[in-house]
Amino acid sequence: MSGCGECKACPPKGETKIKDAEYTIALAGNANVGKSVTFNQLTGVDQIIGNWPGKTVERAEGLLQYKGHRIRIIDLPGIYSFSTYSLEELVSRDFIALEQPDAVVNVIDASALERNLFFTIQLLELAPPLLISVNQIDLAEKKGITIDTEKLAELLGVPVVPTVAIKGKGIATLTDAILDLAQRRPTPPILRYGKEIEERIEKLVPRLEQLTIPYPVRFTAIKLLERDPAMVKIVKEQDQAIVGMADRLAGEIETMHGESVCVVMSAERYQVADRIAAEVITMYPISEGPQKKSLTDRLDRVALHPLLGYLAVFLVIGGLLVWTFVVGARISDVIQTILVQIGPYEPVITGPVAGILWNGAFSGFVAGVTLVIPYVLPFYLLLAVMEDSGYLTRIAVMLDRGMHKLGLHGKAVIPLILGYGCNVPACFSCRIMESPKQKLLAAFLVTLIPCTARTVVILGLVGKFVNIWWALALYAFDILLIIIVGRIAFKIVPGESVGLIMEMPDYHVPSASVVAKQTWARTKSLIWFVFPAYIIGSAAIQVFYAVGLLNPVNNLLAPITVFWLGLPVIVGITLIFGIVRKELTILTLAVLFGSTNFAAFLTPVQLIVIALVSMLYIPCISVIFVLASEFGWKRSLAISFTEIVLAIGLGGIAFRLLGLWM
Amino acid sequence: MAQEHMEEYLESIYDLQKMDGSAKTTAIAKCLDVAPASVTESLRNLERKGLVQYEPYQGATLTEAGRTIAERIKRRHRLLEVFLTDVLKINREKVHDEACKMEHTISEETECALCKMLDAPSRCPHGSPIGPCDKGITNCAECRTEAETGETPAARERKIIPITDLGPEDKGKIAFIRGDCRIIQRLSDLGLTLGTTVSVTRKAPMNGPVEVFVRRTKLAIDHAIAENIFVDAPRAGRS
């Protein structure tokens with residue numbers, strides 16, 4: 001089969017943006033093993049980060065050019081198993097089985113060999129041309145763990161390369177091994193399980209061979225024994241009887257062990273993994289338990305301390321936000337000054353429609369740039385540093401209990417913190433939650449988090465013209481509201497909530513390339529979603545303005561704005577514009593009043609009410625689209641509607657209550 | 001001393017000990033609504049039977065034998081509460097008193113049947129954990145199969161405790177995991193298979209996640225899930 005890709009007659013494997021690649025390689029492995037670092041080392045800057053076709057799972061693809069060969073590398077999601085616990089697991093196994101990459105590189109963590117080999121063993125069931133990269137051998141050696149990689153290669157029957165990806169060590173050898181493997185495409189040997197399992201696999205194999213199943217026969221047999229729903233469905237279409245037979249055989253295993261068959265299989269695989277690990281690991285000094293004096297342990301004594309831990313969470317997140325907005329505001333001003341030099345920012349509305357449109361589009365572009373570059377980008381960069389260092393998982397542990405009250409668990413802190421930057425990538429990151437209910441709940445709460453655009457409004461109206469304490473009070477009120485609304489939503493939304501089960505990686509110095517990649521992955525969605533919305537929306541508003549729809553709309557909204565919220569009639573239109581981009585509320589106000597000294601036109605209570613309403617009423621149009629793409633239009637609109645009602649309701653109450661003493 | 005009377009004493013000592021480390025005479029008197037003098041009398045009685053250790057003015061602590069009885073009664077009490085609320089639909093406020101009377105009279109067979117019928121619940125209606133039974137099985141599914149074949153599993157001689165009760169220096173081997181099969185699957189994929197040695201490195205405050213060390217890696221596990229992971233820990237110092 002070698003060199004099949006050379007003729008270019010075959011269509012490329014799977015949907016890809018990288019054309020003319022000779023070979024396709026997949027990187028597979030657990031999370032936190034340095035898989036992304038290895039990927040970055042191999043591919044350099046030629047990366048495309050997107051989604052798996054039709055799935056809400058991220059897909060990273062890159063190009064490796066080596067010795068005149070063009071090799072496409074797919075970074076599969078970090079997973080622990082090939083059961084159907086998550087979409088990531090399904091996507092990965094389907095890619096390896098159905099797209100048949102020319103080689104699969106299994107990146108494993110030298111410090112946690114058993115658990116990593118557990119996954120390797122499952123990869124071997126799929127029988128792709130396999131290569132193992134034992135990564136982070138330097139860290140393992142610091143812990144006193146030495147791994148005999150030659151022995152490991154011998155026991156598994158596949159090539160093994162030791163690496164320290166973050167330092168680039170072993171990458172050249174790895175690249176050679178990849179090329180060699182892709183050219184030869186050898187089938188790895190079979191690792192046998194216990195007798196009672198193997199006997200039953202053998203009973204299924206001959207019958208499965210008569211069918212045309214796209215998966216390897218042994219893998220199919222094992223998955224049928226595990227009663228894997230996806231596999232049962234595929235086989236059932238061709239041969240109902242064999243599924244019944246597998247089910248019976250699985251029942252026999254269950255009676256023998258008194259355990260569900262999946263658990264028996266996991267134990268079986270771990271037995272093999274333990275045996276292999278015991279043969280290749282040399283430990284000095286021999287220690288079974290956790291390392292008590294390690295750096296991670298010492299840091300965790302503070303990070304997970306009942307008091308200091310919470311203080312650390314508060315200081316880190318608070319500091320992150322304060323730093324972002326103090327520094328961001330400065331940079332934002334500089335960029336705006338530069339951009340206004342280049343193009344007309346607020347010219348008179350004259351001439352053809354094209355001119356008006358251009359004017360709107362350009363101001364939308366300026367707004368996008370002055371928001372993304374100074375605020376969102378630095379915020380996400382720092383967050384990615386925290387994430388890669390391992391601290392974010394500690395925050396998740398500390399806040400897990402609180403998240404439970406909202407039907408979520410600790411991992412939800414990631415989307416919620418991201419929300420302070422921009423709600424769009426935050427909504428996407430809700431995918432890390434396990435159950436559909438938790439995904440939806442997390443996304444709903446994310447939309448209540450004041451993003452940078454809303455922070456600009458809060459600081460620009462309240463922080464500047466009332467005082468900073470009222471601005472902070474709005475933030476505090478927002479958190480309180482999230483807790484209350486979250487609690488109610490948890491009770492109303494149907495579905496199950498799954499508890500936290502999360503790996504706690506050791507702390508390590510963040511890798512620049514991983515941080516850059518993560519930041520880009522998140523900021524990119526802003527470019528695809530937020531920029532177009534800003535540009536098109538702003539152009540549309542410009543037209544709206546030119547045509548003279550201002551007064552009719554204001555009058556239409558007057559019952560709400562004037563009577564219920566106690567605001568000047570002119571504010572109505574700003575709230576409509578705010579749907580496109582929240583910080584437009586403040587810009588439109590400046591244009592309408594012809595001044596930026598809002599205190600001259602609005603009372604402190606009115607300023608607070610506008611900020612409060614802007615903070616809460618529907619997410620902006622970009623977020624509405626993202627919610628629709630992740631959860632469907634019905635839910636997206638339901639969330640938007642709930643928030644309009646909530647914002648207007650609370651705005652009116654705030655107007656009446658604050659009026660009592662301000 | 002009547003059986004019921006004795007069991008009530010052991011139960012309240014068990015509760016007080018969990019809260020304060022030992023049970024003071026006055027606290028027991030208040031808890032059972034009896035005179036302190038008769039408490040002292042009863043404690044001496046229980047001490048002679050080898051169920052408690054009693055130091056005047058210091059209070060009482062349960063011996064291993066006393067604890068076993070107290071835990072069995074607690075388990076029966078909570079199972080009965082689940083039965084009364086879920087099956088008989090009796091108001092949750094009333095079931096405690098009712099269960100208090102019934103817990104002393106039901107047999108081991110009834111306890112086992114209740115557990116099977118209620119599908120091995122992990123908590124009582126008021127949220128307190130229901131301890132594991134003391135049969136020599138590795139999980140609840142086994143109990144069900146054995147019920148079909150008619151064999152009664154032999155009593156277990158190991159010391160089975162939830163992983164959340166492991167002390168910082170303790171180690172235990174996973175004996176069985178109770179709960180949703182997807183969760184069990186997830187845990188075993190991450191290395192928590194039967195017989196694996198585990199230890200608890202940290203417990204987050206206020207019943208937050210438990211940090212478990214297994215196969216050279218650390219996992220943060222939700223407290224409610226961790227409570228259902230039972231380990232065999234012969235040397236665990238129980239407090």
Completion exercise
The number of residues in the stretch B:1-25 that are without any contact (Cβ under 8 Å) to a residue 12 or more places away in the chain and in contact with a Lys or Arg (Cβ under 9 Å, 6 or more places away or on another chain) is 0
Fill in the blank from the handout: Filter the stretch A:442-476 for residues that are without any contact (Cβ under 8 Å) to a residue 60 or more places away in the chain and surrounded by 21 or more Cβ atoms within 10 Å (Cβ to Cβ); the one that is nearest to A:VAL609 (Cα to Cα) is A:GLY463
Exercise for the section: Would you check if there is a residue in the stretch A:215-224 being surrounded by fewer than 21 Cβ atoms within 10 Å (Cβ to Cβ) and among the small types (Gly, Ala, Ser)? Expected result: no
Exercise for the section: Report the residue count in the stretch A:282-328 for those that are more than 14 Å from chain B (Cβ to nearest Cβ), at pLDDT 85 or above and part of a loop (DSSP other than H, G, I, E, B). Expected result: 0
Exercise for the section: Identify, by number, the condition in (1) assigned to a strand (DSSP E or B); (2) modelled with pLDDT of 85 or more that B:PHE176 doesn't meet. Expected result: (2)
Practice task
Being in a loop (DSSP other than H, G, I, E, B) and either more than 19 Å from the chain's Cα centre (by Cα) or among the polar types (S, T, N, Q) (or both) is the filter here, so list the residues in the stretch B:77-122 that pass it.
Solution key: B:LEU88, B:LYS89, B:ILE90, B:ASN91, B:ARG92, B:GLU93, B:LYS94, B:THR105, B:SER107, B:SER122
Completion exercise
Residue hits (the stretch A:125-157; of a type in the set (S, T, N, Q) and crowded, with 17+ Cβ neighbours inside 10 Å) are A:SER133, A:ASN135, A:GLN136, A:THR149
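Here's the yes/no breakdown for (1) away from every other protein chain (no Cβ under 13 Å); (2) touching a Ser or Thr at 6+ places or on another chain (Cβ under 9 Å); (3) part of a strand (DSSP E or B):
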| position | (1), (2), (3) |
| --- | --- |
| A:ALA60 | yes, yes, yes |
| A:PHE95 | yes, no, no |
| A:PRO101 | yes, yes, no |
| A:LEU123 | yes, no, no |
Exercise for the section: Sort through A:TYR80, A:TYR23, A:TYR66 and tell me the only one that's over 25 Å from A:PRO505 (Cβ atoms), among the aromatic types (Phe, Trp, Tyr), surrounded by fewer than 24 Cβ atoms within 10 Å (Cβ to Cβ) and more than 17 Å from the chain's Cα centre (by Cα). Expected result: A:TYR66
Exercise for the section: Check the stretch A:510-528 and report whether any residue there is under 30 Å from A:GLY364 (Cβ atoms), in contact with a Cys (Cβ under 6 Å, 6 or more places away or on another chain) and either in contact (Cβ under 8 Å) with a residue 12 or more places away in the chain or more than 14 Å from chain B (Cβ to nearest Cβ) (or both). Expected result: yes
Problem - Residue list for the stretch B:78-113, filter: charged (D, E, K, R) and farther than 19 Å from B:THR68 by Cα - result: B:GLU81, B:ASP86, B:LYS89, B:ARG92, B:GLU93, B:LYS94, B:ASP97, B:GLU98, B:LYS101
Practice task
Determine if the stretch A:256-271 includes at least one residue that is over 22 Å from A:ALA221 (Cβ atoms), facing chain B (nearest Cβ under 9 Å) and modelled with pLDDT of 80 or more.
Solution key: no
Fill in the blank from the handout: The lone condition A:LYS524 fails out of (1) surrounded by fewer than 20 Cβ atoms within 10 Å (Cβ to Cβ); (2) more than 17 Å from the chain's Cα centre (by Cα); (3) outside any loop (DSSP other than H, G, I, E, B) is (2)
Problem - Every residue from the stretch B:210-239 that is under 16 Å from A:GLU503 (Cβ atoms), more than 7 Å from every other protein chain (Cβ to nearest Cβ) and assigned to a helix (DSSP H, G or I) - result: B:ALA226
Completion exercise
Residue pairs qualifying under the 7 Å Cβ cut-off, at least six apart or on distinct chains, with the first in the stretch B:26-40 being within 11 Å of B:GLY59 (Cβ to Cβ) and the second being in a helix (DSSP H, G or I) and of a type in the set (Gly, Ala, Ser), are B:ILE28/B:SER12; B:VAL39/B:ALA29
Exercise for the section: Name every residue in the stretch B:78-102 that is in contact with an Asp or Glu (Cβ under 7 Å, 6 or more places away or on another chain) and in contact (Cβ under 8 Å) with a residue 40 or more places away in the chain, in order of residue number. Expected result: B:LEU79
Exercise for the section: Being at the interface with chain A (Cβ under 7 Å from one of its Cβ atoms) and at negative phi is the filter here, so list the residues in the stretch B:198-209 that pass it. Expected result: B:SER199, B:THR201, B:ARG202, B:ALA204, B:PRO205, B:GLY208, B:PRO209
Fill in the blank from the handout: Residues of the stretch A:158-176 being in contact with a Ser or Thr (Cβ under 9 Å, 6 or more places away or on another chain) and surrounded by 20 or more Cβ atoms within 10 Å (Cβ to Cβ), in sequence order, are A:VAL158, A:VAL160, A:VAL161, A:PRO162, A:THR163, A:ALA165, A:ILE166, A:GLY170, A:LEU174
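The values are calculated or read from the model by the stated rules, or taken from the named source; none is laboratory data. In this text the structure is predicted, and so the values were computed from the model without any measurement. Every residue, glycine among them, receives a Cβ derived from its backbone with ideal geometry; neighbour counts consider all protein chains shown.
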